Amino acid sequence: PESAVEMTAAATAAAAVLAAVVAAPMAPFAVLGVPATAVVVLHLARHRRDRRTEEALPDALELASAELRGGGTVADAVATLAESDGPLGDDLARVQSRVQLGSALHDSLAAWTSESDLHGVRATAGSLAVASTLGGRAADAIEGLAGSLRERLAVTAEARSLGTQARLSALVVGAAPV
């Protein structure tokens, strides 16, 4: 966030100077427009990151399930996922760092949910915390959650496409000659 603020301030100053040189009456619009654009861009980037995170969760859960079936632990699965380059890599690297600093795995997973307010992250962290605490046949439960998250993503994508289709249809009908 600090670098985004610095970049926005620099872009605002540059736009103000350019607007003052080219067309002085446009300077206030430049000064107000650049920060507003920056807010929109940051919002869109965060939304895109959240969507990529949600899309990566089912694969991560399947990898964790495979790790458990292979005799590994949830901590091993988190460590493997933390080394990945995907959208979950940084988040799970923070979880792994907390564990290495002495925090319990379930506490580190709970901290992850407080950092990311996504439904899939809460479900994933909860299932991994239960699996690490209680043990048992966790691989089947984790695979079931992965399937549920995939179905949820498919329904969300379908709803998004149907909404887009409806908006486009309304535009075509509204623009068609009578």
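The values are calculated or read from the model by the stated rules, or taken from the named source; none is laboratory data. Computed from a prediction, not measured in an experiment: that's the story for all the values here. Virtual Cβ from ideal backbone geometry, glycine too; neighbours counted across all protein chains shown. SASA here: full protein model, heavy atoms, side chains in, ligands and nucleic acids out. Shrake-Rupley method; radii C 1.70, N 1.55, O 1.52, S 1.80 Å.
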Checklist entry - In this structure, is Glu54 open to solvent by 40 Å² or more (accessible area, probe 1.4 Å) and either modelled with pLDDT of 90 or more or touching a helix residue (DSSP H, G or I) at 6+ places or on another chain (Cβ under 9 Å) (or both)? => result no
Checklist entry - Given the structure, is Ala64 of a type in the set (Gly, Ala, Ser), closer than 19 Å to Ser127 by Cβ and surrounded by 12 or more Cβ atoms within 10 Å (Cβ to Cβ)? => result yes
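Before we move on, is Thr124 within 22 Å of Arg49 (Cα to Cα) and touching a helix residue (DSSP H, G or I) at 6+ places or on another chain (Cβ under 6 Å)?
Details: within 22 Å of Arg49 (Cα to Cα): yes; touching a helix residue (DSSP H, G or I) at 6+ places or on another chain (Cβ under 6 Å): yes.
Criteria met by Thr124.
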Next on the checklist: So the check is Cβ under 9 Å with 6+ separation or different chains; which pairs have a first residue in region 68-85 that's touching a residue at least 12 places away in the same chain (Cβ under 8 Å) and a second one that's in a loop (DSSP other than H, G, I, E, B) and buried (at least 18 other Cβ atoms within 10 Å of the Cβ)?
Outcome noted: Leu81/Leu88; Ala82/Leu88
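With respect to Asp117, is the statement that it is of a type in the set (Asp, Glu), open to solvent by 20 Å² or more (accessible area, probe 1.4 Å) and part of a loop (DSSP other than H, G, I, E, B) true?
yes
Small (Gly, Ala, Ser), open to solvent by less than 70 Å² (accessible area, probe 1.4 Å), within 21 Å of Gln96 (Cβ to Cβ) and under 17 Å from the mean Cα position of the chain (by Cα), is that true of Ala75?
Working: small (Gly, Ala, Ser): yes; open to solvent by less than 70 Å² (accessible area, probe 1.4 Å): yes; within 21 Å of Gln96 (Cβ to Cβ): yes; under 17 Å from the mean Cα position of the chain (by Cα): no.
In short, no.
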Checklist entry - Among (1) over 15 Å from the mean Cα position of the chain (by Cα); (2) among the aliphatic types (A, V, I, L, M); (3) surrounded by 15 or more Cβ atoms within 10 Å (Cβ to Cβ), where does Ala123 come up short? => result (1)
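Can you tell me which residue among Leu149, Leu88 is within 14 Å of Thr53 (Cβ to Cβ) and modelled with pLDDT of 95 or more? Spell out how you get there, then give the answer.
On the way: Leu88 fails: modelled with pLDDT of 95 or more.
Result of the check over Leu149, Leu88: Leu149.
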Checklist entry - Could you list, in sequence order, the residues of region 1-23 that are under 23 Å from the mean Cα position of the chain (by Cα), closer than 14 Å to Ala36 by Cα and not small (Gly, Ala, Ser)? => result Val5, Met7, Thr8
